[in-house]
Amino acid sequence: MSTAILPDTLRAGPDPMLPRLATVRRRRRDTSQVWTLDIEDSVVSNEPFVPGQFNMLGVFGVGEVPISLSGDPAVQDQLVHTIRAVGPVSKALVRLKPGEVLGLRGPFGTGWPVSDAVGRDVIVIAGGLGLAPLRPALYRLLAQRERYRSIQLLYGTRSPDDILFRRELLAWRRRHDIAVEITVDHAPADWTGHVGVVTTLVSRSSFDPAQAIAFVCGPEIMMRFAIAALGQAGLADEAIYLSMERNMQCAVGVCGHCQFGPSLVCRDGPVYRHDRVRSFLGVKEL
Amino acid sequence: MAEYITLAVDGLQALLDELKRREYRVLGPTIRDQAIVYDDIESLRDLPMGWTDEQSGGHYRLVARQDDAIFGYPVGPHSWKRFLHPPVLPLWQAESAGNSVRITTTQGPDQPFAFIGVRSCDLHAIAIQDRVLIGGQHVDPSYRDRRKGAFIVAVNCGEAGGTCFCASMNTGPKVEDGFDLALTEIVIDDQRLFLTEVGSPAGRDVLLQVPHRPATPDEIAAADGVTARTAASMGRVMRSDDVRELLLGNLDHPRWDEVAERCLTCGNCTMVCPTCFCTSVEDSSDLLSGKSGRTRHWASCFTLDFSYIHGGSVRGSARSRYRQWMTHKLASWVDQFGSSGCVGCGRCITWCPVGIDITEEVRAIREDRPAERTHHED
C-alpha cells in the first residue's frame, strides 16, 4: 500500500459542514405530529434538486437533522420539507414561524431515477412519512404524464388520521391517469377504504412486470415486504428502488454514522436499486 | 535512488531546534501517565530515552531498557489523528444580526505540525485518513489545513510489539514513502546513530541547517538489518488477502455472539485506532451572549447513540456493534475508501480492557465457516 500524498488531495474547497441561511415562508400542519415547512434558500440554485434527495435543516443552538425534500423540484424558489416532530431538533423546526431563520445544507444523496421510468408502468409504494420523499417524483411523473404507461400510488398509513397531503391525494384520485390506493392498519367505523398493510395492495394492482419500475419508501420492514410482494408479482430486483434510512449527521460521507453494509447512506443512498443492497437488507441490525 | 545521510544524537537535537526555528509545532513521543504519548517536544530530554513499552492483549507496561535507545518502543495509545483530526473541534459560531444570523468559522492552527517518530503503521493510517477526509468528493477543511503543512520525521521500528501485525497488513515495519525524513536508530562501535533517508525537498532543505555526514554502506546495511529483524518478530499475524469476502460473507456467524459475550462496548478500540474517523456534532448556545455554535467530537460505533434514528438504535446489541466495527475496519472500508481501514498497529488489542484480539477473531471466523460447521455436525 502506498502512503504517497497526492498534492491534489490537498485542494481547496468549500466547507461542507457550514450551513447557509434559509427563511421559513409558510408552515402548515399535516397530521398531529407532522408539519410541512416551505423555506426560502438564501442562495438560489439554478439546478433543481433530484426527487428523493434530502437537506440538512438546523435550528441554531439546538441541532441539525436530515429531512427529505417533499415539494415540486420545478418550483425553484421554495424548498418544501415535511417533518415529523419526534426529537428535539424536529420539534424545534416545526415551531419556527414564517420569517424565522434556519440553517440549511444540501441537497444531498441519490434520487429516484424518474427518467428510467419513461415508457414503463410506474408503481410508487409509500408507508407513512415515506410518501414525503416520493412526492417530488410524483410531481415529475405527472408533469409529463404522457411519457409513462400506468402510474399507481399505493399508500399505507397506521390510521386515516395519519394520511399526509390528503387534499392532494383526493385531487389525484379524481384524475384518470393515476391510480391512488390507500390502506390503513387500523380503521375507525366510518372508514370505507382498504384495511391492512400496504403490501396487500401490490397483489391487487395490475402492471406488466416486464415493463414496470417501482419506487418504495417507508419503514424498513414495510419495504422488505413490499419488495417481496413486487418480486412475487414478477418484478425484477433491478426494477425496484428503495430509500434507506440511517443516522445521517454530516451528509457528506465523513462522519460514519450512516453505515449500511459496504455503503454510506448519505453518499451512496438514500435511494438504492434493490439488487445492489439485497444481500444486506435482511441482515438484522446491520 | 534513495538518498541517505547519518545523524548523531546531537544531530537529532539540531533537527528539533531547526524545526522549531522554522516555527513548526514540534510533537513527538514522551512519557506521561505511565505511557508513551505524543505531545509537544522541547528537546531530546523529552523523548522516552531508555524506555520501552511491553504490550499484549489488554496489557501495557512501561519497562526500562538495558540501553539508551530513543525510539526503542512500539506505538503507545496515542496516534497522530489527535492532532490532524482533533477529539473536539469547534466548527462554527452563529450570532443574531438583526433579522438574520451571522455565522463565523473557526480558524485552523496557527503553526504547522512537525511530527517526530511516525511509525510506518501510522504513516499508512495518515494516508487512510487522507483518503477518507480529503480524498473524496467533499473535503474536510479543518483536516486539510492541519495536514497541509505537516513535516513528518518517520522512524523505522527497531522492534515489534507484542500486538503488532503491520507485516500482515503490508503497512510496515519499514516506511516507504509519505515522509520528509525517515530515521533508523542503529548502534555502530557503541555509537548511537540515526541513518536518515531523505523523502522530500522539504526534508533536504531542513538538513541544510543540521550537522550530518553521508551514510556509509555499513550503516545502510545495519539499518536494513533492523527492519528485517522487526518484520520477523511480529507479535501477531493476520491473513489479510481474503478478509473482506470472509467477513461480508459471514455476517450471521455465531462467533459474533461469542465475542459479544466478552465485549464491553466501551469504545476504547475506536479511540486508540489511528484510522477510526467517526464524529458527531453537538450544538450549544450561550444564553448570556446569545451566540450558538456547533462542535464536532470523536464518536464511537460502540455507543447506542451512534446509530440512533427516531424510534431506537439500528444496532441495539453488542454483537451488532462489534460486527459493525470489525467489518467496517477490515471489509466495507475497502468498498467505501479503496483500502482496508486496518494498519496492524495492534492498539485495539493492547487497549481493549478484556483483551479482544482482532487477529484472533478473524482467525476464528476463517477456521469455522458455515460449510465447515455443517460438515462437523454430520
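The numbers here are math on the coordinates, done by the rules we state, and not lab data. These numbers were taken from a predicted model, which means no experiment stands behind them. For neighbour counting, all protein chains shown are included, and Cβ atoms are generated from backbone atoms with ideal geometry for every residue, glycine included.
Separation of the stretch B:86-145 and the stretch B:231-258, taken as the distance between their Cα centroids, equals 32 angstrom. Evaluated with a Cβ-only charge set (Lys, Arg +1; Asp, Glu -1), chain A carries a dipole of roughly 480 debye about its Cα centre, given to the nearest 20. The calculated pair-distance distribution of the stretch B:34-173 uses every alpha carbon pair, bins of 10 angstrom beginning at 0, and gives 10, 33, 30, 16, 6, 3, 0 percent.
Considering only A:A74, B:A222, B:Q336, the residue lying farthest towards the positive end of the dipole of the protein assembly as shown is A:A74, judged by Cα position with unit charges set on Cβ.
Per-residue Cβ counts within 10 Å, from other chains only, averaged over A:14-21: what number is that?
Working: counts 3, 9, 5, 11, 7, 6, 1, 5.
Mean shielding count: 6.
Most tightly packed first, judged by the mean number of other beta-carbon atoms within 10 Å of their residues, the peptides A:250-256, A:74-80 read A:250-256, A:74-80. Separation of the alpha carbons by more than 26 angstrom is noted, of B:K81/B:K174; A:K91/B:K329; A:K91/B:K81, for A:K91/B:K329; A:K91/B:K81. Taking other C-beta atoms within 10 angstrom as a stand-in for reagent exposure, B:W51, B:W80 fall in the order B:W51, B:W80, fewest first. Taking a virtual spin label 7 Å from the Cα of A:V43 along the C-beta vector, which residues in the stretch A:242-277 bring their backbone nitrogen under 16 Å of it? In the stretch A:242-277, the label zone of A:V43 (backbone N under 16 Å from the point 7 Å along Cα→Cβ) covers A:251-252. Peptide A:246-252 is shielded by partner chain Cβ atoms: per residue, an average of 5 of them sit within 10 Å of its Cβ. Here is the list for the stretch B:159-248: trypsin sites (Lys or Arg not before Pro) lying in DSSP coil, each with at most 16 other C-beta atoms within 10 angstrom of its C-beta, are B:R239.
For chain B, the residue among B:G355, B:W298, B:T184 whose Cα projects farthest onto the positive side of the dipole built from Cβ charges is B:W298.
Fewest first, what order do A:W191, B:W92 take by the number of other Cβ atoms within 10 Å?
Details: A:W191 13, B:W92 17.
Placing the least packed residue first, the sequence is A:W191, B:W92.
Express the relative contact order of the stretch B:105-155 as a whole percentage, based on alpha carbon pairs under 8 Å and six or more residues apart in sequence.
63
Summary of the geometry: the stretch B:166-216 and the stretch A:223-280, compared by the centres of their Cα atoms, lie 48 Å apart. A simple spin-label model places pseudo-atoms 7 Å from Cα toward Cβ; at A:L142 and B:D10 they are separated by 8.6 nm. Put the Cα centre of the stretch A:157-202 next to the Cα centre of the stretch A:20-45 and the gap is 26 Å. Note on B:D286 and B:S317: with the Förster distance fixed at 30 Å, the Cβ-Cβ geometry gives a FRET efficiency of about 0.20. Panel note: the C-alpha atoms of the protein assembly as shown, placed on their principal axes, show extents of 96, 76, 43 Å (largest first).
Helix A:131-143 and the long axis of chain A differ in direction by around 70°, with both axes built from C-alpha atoms.
Within a straight-line Cα-Cα reach of under 12 Å, B:K20 can be paired with the following aspartates and glutamates, leaving aside sequence neighbours fewer than 8 residues apart in one chain: B:D40, B:E42. Placing unit charges on the Cβ atoms only, positive for Lys and Arg and negative for Asp and Glu, gives chain B a dipole magnitude near 1000 debye about its Cα centre.
Determine the shape class of the stretch A:114-243: with a ≥ b ≥ c the square roots of the Cα gyration tensor eigenvalues, call it rounded for a/c under 1.5, and otherwise prolate if a/b is greater than b/c, oblate otherwise. Verdict is oblate for the stretch A:114-243. Loop-located trypsin sites (Lys or Arg not before Pro) in the stretch A:143-245 (DSSP state other than H, G, I, E, B) with a sparse environment of at most 15 neighbouring Cβ atoms within 10 Å: A:R149, A:R158, A:R175. Note on the protein assembly as shown: dipole from Cβ charges, positive end direction compared against B:V75, A:W191, B:L264; the farthest Cα belongs to A:W191.
Share of antiparallel DSSP beta bridges in the protein assembly as shown, in percent to the nearest 5? Present the calculation step by step, with values, prior to reporting the outcome.
Working: 82 of 116 bridges.
Percent antiparallel among DSSP bridges in the protein assembly as shown is about 70.
Ranked by Cβ crowding within 10 angstrom, fewest neighbours first, how are B:R65, B:R131 ordered? Write out the running numbers ahead of the final one.
On the way: B:R65 13, B:R131 18.
The most exposed by this proxy come first: B:R65, B:R131.
Taken over the stretch B:241-378, the convex hull of the Cα atoms encloses 146 Å³ per residue.
Computed about its Cα centre, the charge dipole of the protein assembly as shown is approximately 2560 debye, with only Lys, Arg, Asp and Glu carrying charge at their Cβ.
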